[in-house]
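Asks: I'd like to ask you about the structure that follows.
The values are calculated or read from the model by the stated rules, or taken from the named source; none is laboratory data. Remember, it's a predicted structure, so these values are computed and weren't measured experimentally. Cβ placement follows ideal geometry from the backbone for every residue including glycine, while neighbour counts extend to all protein chains displayed. Heads up: the accessible areas ignore ligands, DNA and RNA and are worked out on the full protein's heavy atoms, side chains in. Shrake-Rupley method; radii C 1.70, N 1.55, O 1.52, S 1.80 Å.
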Protein chains: 2
Amino acid sequence: MRFHQIFRLIGILNLFLGLSMLAPLTISLIYSDGSFYPLLYSLVITSGSGITLFFLIKRSDYSSLSQREGMAIVTLGWLSAGFFGSLPFLFSGSIGTITDAYFESISGFTTTGASILSNIESLPKGILFWRSLTQWIGGMGIIVLSIAILPFLGVGGMQLYKAEIPSPVVDKLQPRISETAKTLWKVYLLITVLEIGLLFIGGMPLFDSICHAFSTMPTGGFGTQNGSIAQYNSAYFEGVITVFMLLAGVNFSLHFKFLKGDLKVFGRDPECRVFLFILAIFVLLVTYNIYGTAYHSIGNAFRRGAFQVTSIITTTGFVTANYEKWPALSQIILVLCMFIGAMAGSTGGAIKIMRIILLVKHGYQEIFRLIHPHAVRPIKLGGKPVPVDVLNSVWGFFILYITLFIVAVIIMASIGLDIVASFASVAATIGNVGPGFGLVGPIGNYLSVPDPGKWTLIFCMVLGRLEIYTVIIMLAPAYWRK
Amino acid sequence: MRFHQIFRLIGILNLFLGLSMLAPLTISLIYSDGSFYPLLYSLVITSGSGITLFFLIKRSDYSSLSQREGMAIVTLGWLSAGFFGSLPFLFSGSIGTITDAYFESISGFTTTGASILSNIESLPKGILFWRSLTQWIGGMGIIVLSIAILPFLGVGGMQLYKAEIPSPVVDKLQPRISETAKTLWKVYLLITVLEIGLLFIGGMPLFDSICHAFSTMPTGGFGTQNGSIAQYNSAYFEGVITVFMLLAGVNFSLHFKFLKGDLKVFGRDPECRVFLFILAIFVLLVTYNIYGTAYHSIGNAFRRGAFQVTSIITTTGFVTANYEKWPALSQIILVLCMFIGAMAGSTGGAIKIMRIILLVKHGYQEIFRLIHPHAVRPIKLGGKPVPVDVLNSVWGFFILYITLFIVAVIIMASIGLDIVASFASVAATIGNVGPGFGLVGPIGNYLSVPDPGKWTLIFCMVLGRLEIYTVIIMLAPAYWRK
């Protein structure tokens, strides 16, 4: 493990992170909201620490990053981003304690959207903008952004890329990984701009349009209103955001191929078809279930059902209804959504459709094997056999996800949370969803969770965003042995 | 699929089942409790139907039972046992509807112990005895009993044995499967007699001692008192039953080896060590958690903690405390126990320690593989590598268990149960535990579950007892294709 190299690369990330604070700094100037100096100090400290690390540590060859080093850079880079990202909250006095500020910052970068703030409308615009921007940066990945911008990282960048976007199957869109990263960011930017436009045309103020697009596309969930999207009470905004949450839950490679002219790519992709099928079934079930109980018009039931199901399954976490008042069936479907998640290669979190498909196919294969013990029948996806090591990796992910979920729930209960809050807070953070049930439900927030619980959930959010392996590997004794 | 052969064998099972009713018939004579004729009619109908099936259908070679046929016999045999086992409840008027009687009967045979009865003390002794006997028969398996008694079944009996005791690894204790079955039944009988003796010596009436031993050893949970074991309020009885629940949760092959003189077999067996370790940790955690909150003496906290944890993890379901009033941590541990279960080859249900070990080892192996991509390191248990098809089968079981659990929870919620009851009723029946939480908690029962819900739970109990594959395979289209 070459630590000097790791810290030098984290220096580069800090430099970028600091420079990204120019955007909220501009906002604070426009609105003269009093957050200029807090943001300026944060920018200087973040970039300054980056430049210091970068120049203090001698350049060595980073052409041959090992997988272990790649994972260390990504994990430490994210933890470091969480720290520097919390500075604007602290310096502006928006958040009082380091734990709370770190929680909010990590919740942003990991696109979880779990908040300890109750009155966000009182925040300075610059800080509010930074809060949404952390999600937008975190969605496609700060390291992937660096790979896109710095071609010299590209040679060893595959290890970094795989550690930050650990999809079961890596889809190389371009021969060079730096080109792939650049392409993904372009697609991401394009769809974000489209959403800003549509929200603005519908009458949402430009500032709010940008902030909401910045947290829709990464499936984040931070808003600008205390009552989330519900506060607008607008079918148009709900519709637009539902569609863009759905787009954010789709593998961005498919968007790229679509933009390249392959108009049937969504219907052809097996994972996308299952995703849309599950989504449709869930929306119909919920609509049917809440119509007549929580809502008296079928249109309203569909509107609320579609928004909430899409928001939770894509792990965005915007809300337009207090789903805790819905009947049991709808709540159970939302809990399921928290675990299932959206497509691999999307900005969403949780287990992901691709893995669910492979797990269920494996289950069926075992039934088939009992019926025909001598038949050889590999598991296929879209007509192609799935390699055994991909299946093993998916199984490993699944059991680690469940094991870490259980351990974290036990910790939360030991700290004193009730059963619902213990269960929901972990499910909503390891799945990068945001709102859960009970204490941390759609009308609650994470402020009253005791500090040790907040740190447990911070760990869960990072685990979830980096898809378990990248983080957990550093806790294995074998990782540190020569 | 040779249906005539399947029904002929089910005829044999019915004959045995009918003859086993001689025991409660004797009890009803001794106590003159008015259940003599209901039991006699049940006996005649059950045995009569068995004899009819057996003699009507011509003998053919059953030396070559296929795995498919074995599974059909076991699944249909169990469903049939549930039906004929419900006759004494119906004829005696103890239970009013067919659904309720079938529920109680299947709950007995599958050793679940979920009851629709609230005032069991009012039942005739003969019926109460039959209720406990269904558990004792179901625990080691009615088909395994037939294999033990009828050596001519032994030739094709391996298929039946594997379908009824579908442990991940089959432990052949004797060269012939009929001898293995006989050995297991002898060990089972011996430990049961030991428990009867210890309870009786402690002052429990003989009838109650027998009934409780008959539902401890199969990890059943049916009692003779309305307040379960709590009603005796005796530390001695609680202690004895805790120890025998633990014994029932251990692989019976180990008991056999121990009785053969291998005194260190429990400490050497890797699964047994993990089982005792998990049990110890859970008991300590629960004791620590309920001491000072629910109980004011450490001794009392340990006594209640040890009993409830052992009862739930072995999927027995006796209760001596209303654990719903315990703090969240203890309740979460009990929920975990419902899913984990005891050892493979024990009479307990749920996922089982053996599978949990293999799943977690697989998870760690994937971490190891990321660190050392080129190292070949098979998963081992007790020093021996685990075959890949055993691992695949365990994974298949796990995903099917979770999938069917989710489907059943959705059905229960659709029927109108609240979230806690939907979740707990399915967890407690598919895991063959018995009591759950909420509506079906330790002080509730299953009577108020609507009929479609009861049938869903009946399906879950059979699924759990026959460990998923044996039942679910018959729902696969490939099973019925030539």
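Asks: Among the helices of chain A (complete DSSP H runs), which have Cα atoms covering no less than 20 Å along the helix axis and a Kyte-Doolittle mean of at least 0.0? Could you put the intermediate results ahead of the total?
Replies: Values: long enough: A:3-20 (26 Å, 1.37); A:36-56 (29 Å, 1.51); A:67-85 (26 Å, 0.63); A:125-140 (23 Å, 0.31); A:177-201 (36 Å, 1.34); A:270-290 (30 Å, 1.85); A:298-313 (22 Å, 0.54); A:353-371 (27 Å, 0.95); A:388-415 (40 Å, 2.19); A:451-465 (21 Å, 0.51).
Correct list, ordered by number: A:3-20, A:36-56, A:67-85, A:125-140, A:177-201, A:270-290, A:298-313, A:353-371, A:388-415, A:451-465.
Asks: As a test of reading the structure, rank A:VAL44, A:VAL74 by solvent-accessible area (1.4 Å probe, protein chains only), most first. Each step should come with its number before you reach the end.
Replies: Working: A:VAL44 85, A:VAL74 0 Å².
Result of the area sort, largest leading: A:VAL44, A:VAL74.
Asks: Let me ask another. If you place +1 on the Cβ of every Lys and Arg, -1 on the Cβ of every Asp and Glu, and leave all else neutral, what size is the dipole of the protein assembly as shown about its Cα centre, to the nearest 20 Debye? Present the calculation step by step, with values, prior to reporting the outcome.
Replies: Values: 62 positive and 42 negative charges, 579 e Å.
It comes to approximately 2780 debye.
Asks: Additional query: Kindly provide the Kirkwood hydrodynamic radius of chain A in Å, to one decimal, from all pairs of distinct alpha carbon atoms.
Replies: Numbers: mean 1/r = 0.0441 Å⁻¹.
When all Cα pairs of chain A are included, the Kirkwood radius is 22.7 Å.
Asks: Pairs to check: A:LYS361/B:LYS257; A:LYS162/A:LYS264; A:LYS162/A:LYS454; A:LYS454/B:LYS454. Give those whose C-alpha atoms are more than 32 Å from each other in this structure. Intermediate results must be reported in sequence, preceding the final value.
Replies: Details: A:LYS361/B:LYS257 39 Å; A:LYS162/A:LYS264 27 Å; A:LYS162/A:LYS454 28 Å; A:LYS454/B:LYS454 41 Å.
Result: A:LYS361/B:LYS257; A:LYS454/B:LYS454 exceed 32 Å.
Asks: Project the alpha carbons of the protein assembly as shown onto their principal axes and report the range along each, largest first, in whole Å.
Replies: Principal extents (Cα only, largest first): 95, 53, 50 Å.
Asks: Which is farthest toward the positive dipole end of chain A among A:ALA294, A:ALA321, A:VAL243, measuring Cα position about the Cα centre, with Cβ charges +1 (Lys, Arg) and -1 (Asp, Glu)?
Replies: Farthest towards the positive end: A:VAL243.
Asks: Sticking with this structure for a sec: List the residues of the stretch A:455-481 for which accessible area in the full set of protein chains is at least 40 Å² lower than for the chain on its own; 1.4 Å probe, protein heavy atoms only.
Replies: Hits at the 40 Å² cut-off: A:TYR469, A:ILE473, A:ALA478.
Asks: Please report, in debye to the nearest 20, how large the charge dipole of chain B is about its Cα centre when each Lys and Arg carries +1 at its beta carbon and each Asp and Glu carries -1 there. Kindly include the intermediate steps, with their values, before the conclusion.
Replies: Details: 31 positive and 21 negative charges, 295 e Å.
So the magnitude is around 1420 debye.
Asks: Whenever you get a sec, line up A:THR216, B:THR456 from highest to lowest accessible area (probe 1.4 Å, protein heavy atoms). Write out the running numbers ahead of the final one.
Replies: Working: A:THR216 0, B:THR456 20 Å².
Final ranking, largest accessible area leading: B:THR456, A:THR216.
Asks: While we're on this one: Return the carbon/sulfur percentage of the accessible area of the protein assembly as shown, one whole number, probe 1.4 Å, all protein chains in place. Please report the intermediate quantities before stating the final value.
Replies: On the way: 23820 of 35040 Å².
Ligands and nucleic acids excluded, carbon and sulfur give 68 percent.
Asks: Checking the cross-link filter: which aspartates and glutamates have an alpha carbon closer than 20 Å to that of A:LYS352, excluding same-chain neighbours under 8 positions apart?
Replies: Of all the aspartates and glutamates, those that pass the test against A:LYS352 - Cα under 20 Å, at least 8 places apart if same chain - are A:GLU164, A:ASP171, A:ASP269, A:GLU271, A:ASP389, A:GLU467, B:GLU366.
Asks: Within a Cβ distance under 11 Å of B:THR429, other residues only, what is the Lys/Arg minus Asp/Glu net charge? Walk me through the numbers on the way to the answer.
Replies: Working: positive: B:LYS454, B:ARG465; negative: none.
Summing Lys and Arg as +1 and Asp and Glu as -1 gives +2.
Asks: Now for a different question. Could you let me know the centre-to-centre spacing of the stretch A:406-466 and the stretch B:122-145, using Cα atoms, in angstrom?
Replies: 45 Å
Asks: Let me ask you something else. For the charge dipole of the protein assembly as shown, defined by +1 on Lys and Arg C-beta atoms and -1 on Asp and Glu C-beta atoms about the Cα centroid, which residue among B:ALA213, A:ILE402, A:ILE95 has the Cα displaced farthest towards the positive pole?
Replies: Going by the charge dipole, the pick is A:ILE402.
Asks: Bin by bin, in steps of 10 Å, what percent of the Cα pairs in the stretch B:386-455 do you find, going until the bin that has the longest distance?
Replies: Percent of Cα pairs in each bin: 21, 45, 19, 12, 3.
Asks: Given the protein chains as shown and a 1.4 Å probe, how many square angstrom of A:TRP455 are accessible, to the nearest 10?
Replies: Counting only protein heavy atoms, A:TRP455 exposes about 110 Å² to solvent.
Asks: Over chain B, average the accessible area per residue using a 1.4 Å probe and give it in Å², no decimals.
Replies: Working: 17490 Å² over 482 residues.
Heavy-atom accessible area per residue stands at 36 Å².
Asks: Amide H to amide H, which residues 5 or more places from B:LEU381 or on other chains are under 5 Å from it, using H placed in the peptide plane?
Replies: B:VAL386
Asks: Could you tell me the accessible area of B:ASP451 in Å² (1.4 Å probe, neighbours in place), rounded to the nearest ten?
Replies: Ignoring ligands and nucleic acids, B:ASP451 comes out at about 70 Å².
Asks: For B:CYS272, what accessible area in Å² do you get when you roll a 1.4 Å probe over the heavy atoms of the protein chains, rounding to the nearest 10?
Replies: It works out to around 0 Å².
Asks: Hey, what number do you get for chain B at 222 nm if only DSSP H runs of n ≥ 4 count, each worth -39500 (n - 2.57), divided across all residues, to the nearest 500?
Replies: -21000 deg cm²/dmol
Asks: How much net charge surrounds B:TYR364 when only other residues with a Cβ under 13 Å from its Cβ are counted (Lys, Arg +1; Asp, Glu -1)? The partial results should precede the final answer.
Replies: Working: positive: B:LYS361, B:ARG369, B:ARG377, B:LYS380; negative: B:GLU366.
Net charge around B:TYR364: +3.
Asks: Mind checking which lysines have their Cα closer than 17 Å to the Cα of B:LYS260? Skip sequence neighbours fewer than 8 apart in that chain.
Replies: B:LYS172, B:LYS182, B:LYS186
Asks: For the full complex of protein chains and a 1.4 angstrom probe, list A:LEU259, A:LEU199 by accessible area with the highest value first. Each step should come with its number before you reach the end.
Replies: On the way: A:LEU259 100, A:LEU199 0 Å².
Ranked from most to least accessible, the order is A:LEU259, A:LEU199.
Asks: Turning to a different aspect of this structure: Positive end of the dipole of chain B, charges at C-beta (+1 Lys, Arg; -1 Asp, Glu), about the Cα centre: which of B:VAL388, B:LEU276, B:TYR364 has its Cα farthest in that direction?
Replies: Going by the charge dipole, the pick is B:VAL388.
Asks: Nearest 100 Å², what total accessible surface is buried between chain B and chain A (probe 1.4 Å)?
Replies: It comes to approximately 3900 Å² buried between B and A.
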